[in-house]
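Below: the structure, in structure tokens.
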Amino acid sequence: MENSTSSAKDARSTVDEEDRGNTTEQKTREEILFHEETIDLGGDEFESEGNETVSEDSNNFIDKLNEQMMESVIISDSPNNSEDDTGELGCLQEMVEQMEAKDNQNSRAEVGKEELLSNESETEHEETPKDISEIGTDDQASLKEESIQETEKDEPKLGDNIPAETKPNGIDESKPEDQISSPSTSKPSTEVEPIPVCTIFSQANNANAQPQLFLPDGFEPQMVKSPSFSSIIETPVKSNPQVVQPSPSLSKFFGDTVNTNTLASDFFDSFTTSNFISVSNPNASSSVPEQMSSLSNGGESSCAQSNPTFSVGNGRLEASGPQASLETTQSPKPFSQIQAVFAGSDDPFATALNMSELDRRNDAWLPSEETRNVLISVATQQYSTVFIDKENLTMPGLKFDNIQGDAVKDLMLRFLGEQAAVKRQVLNANSVEQSFVGLKQLISSKNWRAAVDLCGRLLTAHGQGYKKSGLPTNHTTDSLQLWFVRLALLVKLNLFQNAEMEFEPFGNLDQPDLYYEYYPHVYPGRKGSMVPFSMRILHAELPQYLGNPQESLDRLHNMKIICTKILENLEQGLAEDGSMTNITQENRQASVQLWRSRLGRVMYSMANCLLMMKDYVLAVDAYHTVIKYYPQQEPQMLSGIGRIFLQIGDIKTAEKYFQDVEKVTHKLDGLQSQIMVLMNRAFLHLGQNNFAEAHRFFTEILRIDSSNAVANNNAAVCLLYLGKLKDSLRQLEGMVQQDPKHYLHESVLFNLTTMYELESSRSMQKKQALLEAVAVKEGDSFNTQCLKLG
Amino acid sequence: MDVNQPKQEHLLALKVMRLTKPTLFTNIPVTCEERDLPGNLFNQLMKDDPSTVKGAEALMLGEMLTLPQNFGNIFLGETFSSYISVHNDSNQVVKDILVKADLQTSSQRLNLSASTAAVAELKPDCCIDDVIHHEVKEIGTHILVCAVSYTTQAGEKMYFRKFFKFQVLKPLDVKTKFYNAESDLSSVTDEVFLEAQIQNITTSPMFMEKVSLEPSIMYNVAELNTVDSAGESESTFGSRTYLQPMDTRQYLYCLKPKQEFAEKAGVIKGVTVIGKLDIVWKTNLGERGRLQTSQLQRMAPGYGDVRLSLETIPDTVNLEEPFDITCKITNCSSERTMDLVLEMCNTNSIHWCGVSGRQLGKLHPSSSLRLALTLLSSVQGLQSVSGLRLTDTFLKRTYEYDDIAQVCVVSSKVKQES
């Protein structure tokens, strides 16, 4: 142990390791002993400042002024860490013998061993790059005492790995360490062999965890491998572009679940880590452009037939009939030869007035200075051409033609055979009316992929189809609504990358041609933005799902500024846009209400985004602000904040919030608040590690509301932690069978399949049964990953 | 999915799953307004979604618990919990089942099974469940060894085992630093300040429930991590009760030797054990961890035989203008009387005024003398007062005193203006 405490640690890591590679097993044994000592020795090894007796400085000043290094302290759990080291080798040896004994006939042991093996190499992959960097810093300077200390501390631990690995001739003798981490050199073929558990996992995990693993904790800096290992190292998994690849939305925002320590997960063969497959849609790939164009033609023609319904589908003020035929590419001069048509011609005048009041209120938006100028010039030069830079125009187009597909059916084909798959019937874009009615039908039946497709068709009919991006076009209320629906559904399907691509031509949603004033002939007298407010929210929220929450916050902040400004205008007796329009008190009140709730919605998104960024302090503040705008949601919001604190681990503050909820709901009565209080109590017990009590409270909720999905699911989860797997399964299965329409939820199914995997080796059949149930009830938007049918 | 089906030669299947705390399901809210194309469709979809919070569907953090999706990380001081399930996959009754779970670390082997008794029989499709817990006390490789033995209907004794390996990582980085407060009369320091930096080196936020210093028997400790404001003690860390990954917090403690030890000056000289830090933290849904540092040790400052300390010194002085300081010289030796000569050596910036090499006279043990000295600085800025040498003529030993104090030297103009 002495040498590791010496101050010349820097040089050790590289050289020593190689030395050790050649040592005999005795030495390895020593390493193990060392290891254990390190843990107990604690910080004794750090000598304090060298004090030369003769030069006696006045110490207190030095303390303050000289930058003295902090000393690293070894953490140990010393109080009851027993020191008995006898027999540890014996144990290892025994283990090995067992394994060897079984090696020939007992496949299970083999599996176990192989798991270890591939795990070992997995470790390699992850750590190599880090080591190098660490070593680099160690060499650099002695300022970084902490990193050196780290080296020193962790080193011994690796003692039992490294020698084994670096040993070029890992012969299967009774060298215990060798056996455990059997060097891959001795079994070159194992990597190739389909020992399923590990290989699958390592891939899945690599993809998820590798990028992050490098950053965080400067661990095991001293891992040095023999060159023979480096050959196994895979090139860093290329960040898959995840187009059409739904990511699991299962709470990835908390805890370290994302940064998984892959090492051990591989070993838990029963706990098949969810290796979500990307259900990429073949049609969405760009490698088949011909197919796409032909499809888009098809779409166009089919829409040509359906044009009438398209316009009839919305009985709104804005007539969209004529525009459909407008798609002949035009100069930016908008609609110069077209007469505006009021579709609702039989509407009484009063209704029209009222509508315009509503329109003004809802469509109000404050354009940027630049855009405002363009709009003014359009208004003043109505009959002459206004030239606008192409880059200031919005020219959207479908970026991918068809993401339609049914992952459930694909799985059925794979696991249940063609016959079963034929029975799977879901609506698709062809089977509904080619109109808003059909679109709504698809959405409510949860066939969102088909709905995205139908939106695409309708947009194609509008001239904004595939490959139309970058071509001049005109916008209508309906075309923007269609875009909103399409993009919103893409987000709902977790196809963020796709949504981003198609959002891109819209810029920051402030281009002049997105305002009604740009089309004075089509929308005479109408003002404001064509972009629905919800689309702005969607646009602002999107970057956070693509790993850029800062951009989301920026966008949300801009929205907040405009909403606040509009509210100011209203308070000052002006119209929303700051003009001097007369507004009745009643309408003003309604408008204030609308814009307050919109501002609240922006704050909501901000809070969610901050939560995603794990900036809990700000997130909690933001949720408090939301309460001001949505006072009716106070109990839910306070409970939510309480859960945030639970997630952080701050149980006391969580409890405080839960008590506040009880105070607030005390005034109200009713089932919902009662449930909320019980739910919070259950969560509190969960935070206190008391699963039995938590289960009691969840069950209590079920007594009041037997169909409460959350309570049902959570009670089942508690049962598992109490060691009652069968009971837990019974509860979940019962729930799913009782009301599959509501309970075939991703999270429930995920829990269920996880438990199936824990329960027996025959989880496959049970999962397939779930697939059948899903096939009957769920639309094409179902996220099949939760079934873990891999 | 033959993944989970190793060769079917054993009648029982052993499954293991680590039980980290469950997580809460988060959903992605997509809303629209009444007047938008979908009408209230999107909002209705969110209402129907069982994972949303009813009445506040746009709240991302739901209430639905989901089981851990992967092994995750395990850190020193945390509790390793695992579900062990042995399931009878066959269609025959199996007898005398014994399930044993051991944890092999690099230094020891622990038995984690709750019961050691054999189960008499296990019917088809039934299982034996066990949840094991173990507080992790070592860093590095751990191997969970699960062994199952049983007897088939035919009376054949069967046995198999499985190994699950995982790494235990270090959650915290702790660094400490001692500051000595000087006492007036003796050479023995009075108070010791301990500054501890605790860094979260995990990948998740960490709530610090307790960070306290358990002093050794010689000391009393006062924690200096709260500020009294309006009668309430407020944490110096404010409302941020948790540490983000890689965040560091600084804790401060003041240690005073207990009366009985303070008197026995000798005890506190040299290396002393100060105490240890006790750290309790919590993470996701109250997952708890606890660590203690090893005994923190400190080298008490040794002042040797002669100690020179400062009584007075101005903080700011004018450039090239003499100023006075008062030093105190103490004979710390136990029984030796000294005869001291003071030498003053100029440095680049500090120039001593007066005669160098003057006799200070005899100094008896444990007595001290005060000495007024004059000096000036020729360089602006923060200057270090150095260059005093005391020579004990009896032993011909010289003691050097450098960097005794710092003064701020300013141009005299500046001083006048201000």
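The values are calculated or read from the model by the stated rules, or taken from the named source; none is laboratory data. Since this is a predicted model, take the numbers as computed values, not measurements. Note: ideal-geometry Cβ built from the backbone for every residue, glycine included; neighbour counts use all protein chains shown. Areas reflect the complete protein model, heavy atoms only, side chains present, ligands, DNA and RNA absent. Shrake-Rupley method; radii C 1.70, N 1.55, O 1.52, S 1.80 Å.
When Cβ neighbours within 10 Å are restricted to other protein chains, what is their mean count per residue of peptide A:745-753?
Per residue, the average neighbour count from other chains is 5.
Quick check: the distance between the Cα centres of segment B:55-126 and segment B:194-242, to the nearest angstrom?
36 Å
Running Debye on segment B:100-139 with equal point scatterers at the Cα sites and no solvent, what base-10 log of I(q)/I(0) appears at q = 0.25, 0.28, 0.32, 0.36 Å⁻¹?
Taking Cα atoms of segment B:100-139 as identical point scatterers yields -0.92, -1.05, -1.21, -1.32.
How much of the calculated P(r) for segment A:451-520 lies past 15 Å, in percent of all Cα pairs?
Of all Cα-Cα distances in segment A:451-520, 54 percent exceed 15 Å.
Above 13 angstrom, tally the Cα pairs of segment A:506-577 and express them as a % of all pairs, no decimals.
Details: 1812 of 2556 pairs.
Above the 13 Å cut-off, segment A:506-577 has 71 percent of its Cα pairs.
Determine, at each q value in 0.18, 0.32 (inverse angstroms), the log₁₀ of I(q)/I(0) that the Debye formula gives when each Cα of segment B:80-127 is one equal point scatterer.
Values returned for q = 0.18, 0.32 Å⁻¹ are -0.65, -1.20.
Which percent of Cα-Cα pairs in segment A:731-772 sits in each 5 Å bin, short to long?
The calculated distribution, bin by bin, is 6, 24, 35, 25, 8, 1.
In peptide B:139-150, what is the residue-averaged number of other protein chain Cβ atoms found within 10 Å of each Cβ?
So the per-residue partner count for this stretch is 5.
From the Cα gyration tensor of segment A:607-701, with a ≥ b ≥ c the square roots of its eigenvalues, which class applies: rounded if a/c is under 1.5, or else prolate if a/b is larger than b/c, or else oblate?
In terms of gyration-tensor shape, oblate.
At R0 = 41 Å, how high is the FRET efficiency between A:A692 and B:S149 if r is their beta carbon distance? Nearest 0.05 is fine. Present the calculation step by step, with values, prior to reporting the outcome.
Values: r = 31 Å, r/R0 = 0.76.
Rounded to the nearest 0.05, the efficiency is 0.85.
Which pairs in the list A:K656/B:K175; A:K767/B:K165; A:K724/B:K47; B:K100/B:K165; A:K766/B:K162 are over 22 Å apart, alpha-carbon to alpha-carbon? Let's see the in-between values first.
Working: A:K656/B:K175 33 Å; A:K767/B:K165 28 Å; A:K724/B:K47 32 Å; B:K100/B:K165 16 Å; A:K766/B:K162 25 Å.
Distance filter (> 22 Å) returns A:K656/B:K175; A:K767/B:K165; A:K724/B:K47; A:K766/B:K162.
Hey, could you pull the Cα Rg and Dmax for segment A:659-790, both in Å?
In order Rg, Dmax, the Cα atoms of segment A:659-790 give 16.1, 52 Å.
Let me have the 222 nm mean residue ellipticity of chain B computed from DSSP H runs of 4+ only, each contributing -39500 (n - 2.57), with the sum over all residues rounded to the nearest 500.
About -1000 deg cm²/dmol.
To the nearest µm²/s, what D does Stokes-Einstein give for segment B:279-363 at 20 °C and 1.002 mPa s, using the Kirkwood radius over alpha carbon pairs as Rh?
118 µm²/s
Listed highest first by mean packing, meaning other Cβ atoms within 10 Å per residue, what order do A:527-535, A:689-697, B:375-383, B:141-149 come in? Mind showing how you got there, number by number?
Numbers: A:527-535: 23.1, A:689-697: 18.8, B:375-383: 16.6, B:141-149: 21.1.
Peptide ranking by packing, descending: A:527-535, B:141-149, A:689-697, B:375-383.
Say each of B:N220 and B:S366 gets a label point 7 Å from the Cα, pointing the same way as Cα to Cβ; how far apart are those two points in nm?
Taking the two extended label points, one gets 2.4 nm.
For the pair A:R703 and B:V119, what calculated FRET efficiency results from E = 1/(1 + (r/R0)^6), where r is the Cβ-Cβ distance and R0 = 35 Å, to the nearest 0.05?
For B:V119 and A:R703, the calculated efficiency is 0.55.
Would you please calculate the Kirkwood hydrodynamic radius of segment B:320-404 over all C-alpha pairs and express it in Å, rounded to one decimal? Display every interim value, and only then the final one.
Numbers: mean 1/r = 0.0734 Å⁻¹.
Hydrodynamic radius (Kirkwood, Cα only) of segment B:320-404 equals 13.6 Å.
How charged is the neighbourhood of A:Q497? Take every other residue with its Cβ under 12 Å from the Cβ of A:Q497, and add Lys/Arg as +1 and Asp/Glu as -1.
-2
Report the local net charge at B:F237: Lys and Arg +1, Asp and Glu -1, summed over other residues whose C-beta lies under 11 Å from its C-beta.
Once positives and negatives cancel, what remains is 0.
Would you mind checking segment A:569-594 for residues with the amide N under 18 Å from a putative spin-label position 7 Å along Cα→C-beta of A:L358?
In segment A:569-594, the label zone of A:L358 (backbone N under 18 Å from the point 7 Å along Cα→Cβ) covers A:584, A:586-594.
Given B:Q383, B:A405, B:L369, which one lies farthest toward the positive end of the charge dipole of segment B:361-418, if we put +1 on the Cβ of every Lys and Arg and -1 on the Cβ of every Asp and Glu?
B:L369
Provide the packing ranking of A:494-500, A:375-381, i.e. peptides ordered by the mean count of other C-beta atoms within 10 Å per residue, highest first.
Per-residue mean Cβ counts within 10 Å order the peptides as A:494-500, A:375-381.
Please work out the FRET efficiency for the pair A:Q425 and A:K467, using the Cβ-Cβ distance as r and a Förster radius of 35 Å; give the result to the nearest 0.05.
The value I calculate is 0.60.
Between beta-carbons, use under 13 Å as the cut-off and find the net charge around A:L678, counting Lys and Arg +1, Asp and Glu -1. Can you show the working numbers first?
Numbers: positive: A:R681, A:R696, A:R703; negative: A:E662, A:E693, A:E700, A:D705, B:E63.
Value of the local net charge: -2.
Please say if segment B:20-96 is rounded, prolate or oblate, where rounded means a/c under 1.5 for a ≥ b ≥ c the square roots of the C-alpha gyration tensor eigenvalues, and otherwise the choice is prolate for a/b larger than b/c and oblate otherwise?
Values: a/c = 4.91, a/b = 2.08, b/c = 2.36.
Oblate shape, in that a/c is at least 1.5 and b/c is the bigger or equal ratio.
Given a cut-off of 20 Å, name the pairs among A:K446/A:K467; A:K560/A:K663; A:K440/A:K777; A:K614/A:K788 whose C-alpha atoms lie farther apart than that in the structure shown.
Listed pairs above 20 Å: A:K446/A:K467; A:K560/A:K663; A:K614/A:K788.
Please report the Cα spread of segment B:118-244 along all three principal axes, rounded to whole Å, starting with the longest.
The principal-axis extents, from largest down, are 87, 37, 25 Å.
How much solvent-accessible surface does B:T248 expose, in Å² to the nearest 10, with a 1.4 Å probe and all protein chains in place?
70 Å²
Would you mind getting the Kirkwood hydrodynamic radius of segment B:42-134 from its Cα pairs, rounded to one decimal in Å?
It works out to 17.5 Å.
For chain B, just list the percent of Cα-Cα distances falling in each 20 Å bin from zero outward, please.
Calculated over all Cα pairs of chain B, the distribution is 17, 31, 27, 17, 8, 0 percent.
What is the distance in Å between the Cα centroid of segment A:459-500 and that of segment A:591-620?
Between the Cα centres of segment A:459-500 and segment A:591-620 lies a distance of 26 Å.
What percentages make up the Cα-Cα pair-distance distribution of segment A:495-638 when the bins are 10 Å wide from 0?
11, 34, 34, 18, 3, 0
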